[in-house]
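Chemist: Sharing a structure, written as structure tokens. Questions coming.
The numbers here are math on the coordinates, done by the rules we state, and not lab data. Keep in mind the model is a prediction, meaning the values are calculated, not measured. Counting neighbours? That spans all protein chains shown, and the Cβs are built from the backbone with ideal geometry, glycine included.
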């Protein structure tokens, strides 16, 4: 019987150690030619990391296009004809980036909705947008993290998608014909690469593929008509079809496929694919914007201040655990081990569950939960000390803990409805307290009652 108790305690301690290693260190796996941490990073709010302030304004530029007598565009004013004579400009056209009739409050609001969709697509949640409805100017406050530059690139793009005849420039498909789009990483015979998969209206795409399929005559001569995919007027890819397409899918490789591609290059290609997918999936902005300002705004809380606060917190926890050990001896040691495991599991939960963002309020929720867990440990130890029946003392402890936690849990739930970091972090902290102490703390201290006094 004693061997079983020792084995149970040993296994539980090893589990706590493993949990702590994963939480404080991470899990590193081979990713192509490098090691990558499988555990996500903490998502910190703007007030902790600083923010990016991006101001965009309505593009008032005008593009000048020149044409010859046949209506062909002259892109180089110094271009010459086949006989060496200079091409004469027969017509000049002034094309504004935005037509005057499009500059309306309604279109400004639609543009804001499109840009918000893009931010959400790539996972930006902590942001603010201020729109001047008079002139269309928008100011974005974004968190400063690994996807900030990607977000800024999306903000500056109109997202106008067109599939055109490569020769006549006839528009064949637009944003309205795009039904779905996603980005991912895959492997082919050429190697690993990132790519986008665009799902167009099947019937329209099928008719286009019939018209632009390669043909070979009796003499073996191949005739090939191509389509060109353009984003904001820039050519992305040109292609013809080998056969009639019935699924409406156009797959675009982003970057170069290679068997020896590094994880960093593959990640860059994937981010590029996600950026373009986000731009296209959110629709076309009715207004063309240009970035007027893009600057970093420092956080009021410096990194040194946050580190000092963490070190002070670690010191306080160490002293508190020393008190447990002095007062409760062996059970105090076991409770201290359990306490460290709780902190490890809490921090791991915050990292793993999506969309948990840590702000100053979130840090306060973490501190409050650590204090509550410390009180929980004291309740369990005191009941073990004062109640002869060990099982009865544990049942009474859990009952007391639940009665104490429920009111606090309800408060956290209320804050959660407002998407407040305090509420979200606090809610999961209490869930972890209930589950962890029932499964881990009880296993560590059960059968050791004689060591309390």
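Chemist: Highest first, please rank the peptides 432-442, 122-132 by the mean number of other Cβ atoms sitting within 10 Å of their residues.
Modeler: Most protected by this proxy first, the peptides run 432-442, 122-132.
Chemist: Counting other C-beta atoms within 10 Å, which of 7, 444 has the fewest, and how do the rest follow? Don't jump to the answer; show the numbers that get you there.
Modeler: On the way: 7 10, 444 21.
Least to most surrounded, the residues fall as 7, 444.
Chemist: Another question, if that's okay. If R0 is 45 Å, what FRET efficiency do you get for residue 413 and residue 392 from their C-beta distance, rounded to 0.05?
Modeler: Values: r = 31 Å, r/R0 = 0.69.
Plugging the Cβ-Cβ distance into 1/(1 + (r/R0)^6) gives 0.90.
Chemist: Now for a different question. Need one number: convex hull volume per residue for the stretch 273-404, Cα atoms only, in Å³. Please list the in-between numbers first.
Modeler: Values: hull volume 25.1 nm³, N = 132.
Measuring per residue, one finds 190 Å³ for the Cα hull of the stretch 273-404.
Chemist: Once you have the Cα-Cα distance between residue 135 and residue 110, take 0.36 nm times their residue separation minus that, and quote the gain in nm to one decimal.
Modeler: Details: separation 25, 0.36 × 25 = 9.00 nm, distance 1.38 nm.
Extending this stretch completely gives an extra 7.6 nm.
Chemist: Sort 204-210, 193-199, 306-312 for me by packing, meaning the mean count of neighbouring Cβ atoms within 10 Å per residue, highest on top. Don't jump to the answer; show the numbers that get you there.
Modeler: Values: 204-210: 17.1, 193-199: 20.3, 306-312: 11.6.
My ranking of the peptides, most packed first, is 193-199, 204-210, 306-312.
Chemist: Rounded to two decimals, what is the ratio between the C-alpha radius of gyration of the stretch 45-130 and 2.2 N^0.38 Å? Before the final figure, lay out each step's value.
Modeler: Details: Rg = 21.7 Å, N = 86, 2.2 N^0.38 = 12.0 Å.
My calculation over the Cα atoms of the stretch 45-130 gives 1.81.
Chemist: While we're on this one: Let's test this: bin the Cα-Cα distances of the chain at 10 Å from zero up to the farthest pair and state each bin's percent.
Modeler: With 10 Å bins starting at 0, P(r) equals 4, 14, 19, 19, 15, 11, 8, 5, 2, 1, 0.
Chemist: Next question. How do 154-167, 86-99 rank on mean C-beta neighbours within 10 Å, highest first? Could the numbers behind the result be given before it?
Modeler: Working: 154-167: 19.5, 86-99: 12.1.
The packing order, highest mean first, is 154-167, 86-99.
Chemist: Something else: Can you give me the Rg/Rh ratio for the stretch 171-253, using Cα atoms for both radii and the Kirkwood formula for Rh? Display every interim value, and only then the final one.
Modeler: On the way: Rg = 14.2 Å, Rh = 14.2 Å.
With Rg and the Kirkwood Rh in hand, the quotient comes to 1.01.
Chemist: What number do you get for the stretch 342-397 when its Cα radius of gyration is normalised by 2.2 N^0.38 Å, N = residues? Mind dumping the intermediate values first?
Modeler: On the way: Rg = 15.4 Å, N = 56, 2.2 N^0.38 = 10.2 Å.
Working it through for the stretch 342-397, the quotient is 1.51.
Chemist: Across 5 Å bins from 0, what is the distribution of all Cα-Cα pair distances for the stretch 93-227, in whole percents?
Modeler: 2, 7, 12, 14, 14, 16, 14, 9, 6, 4, 2, 1, 1
Chemist: For a quick check: sort 68, 145, 76 by the number of other beta carbons within 10 angstrom, fewest at the front.
Modeler: On the way: 68 15, 145 20, 76 8.
Listed from fewest to most nearby Cβ atoms, that is 76, 68, 145.
Chemist: For the stretch 201-269 and the stretch 397-411, what is the separation of their Cα centres, given in Å?
Modeler: 60 Å
Chemist: Tell me, what does the Kirkwood hydrodynamic radius of the stretch 209-352 come to in angstroms if you use every pair of distinct C-alpha atoms?
Modeler: Working: mean 1/r = 0.0436 Å⁻¹.
The answer is 23.0 Å.
Chemist: Per Stokes-Einstein, at 25 °C and 0.890 mPa s, what whole-number D in µm² s⁻¹ belongs to the stretch 103-166, with the Kirkwood radius over Cα pairs as the hydrodynamic radius? Don't skip to the answer; put the middle values down first.
Modeler: Details: Rh = 12.9 Å.
The diffusion coefficient I find is 190 µm²/s.
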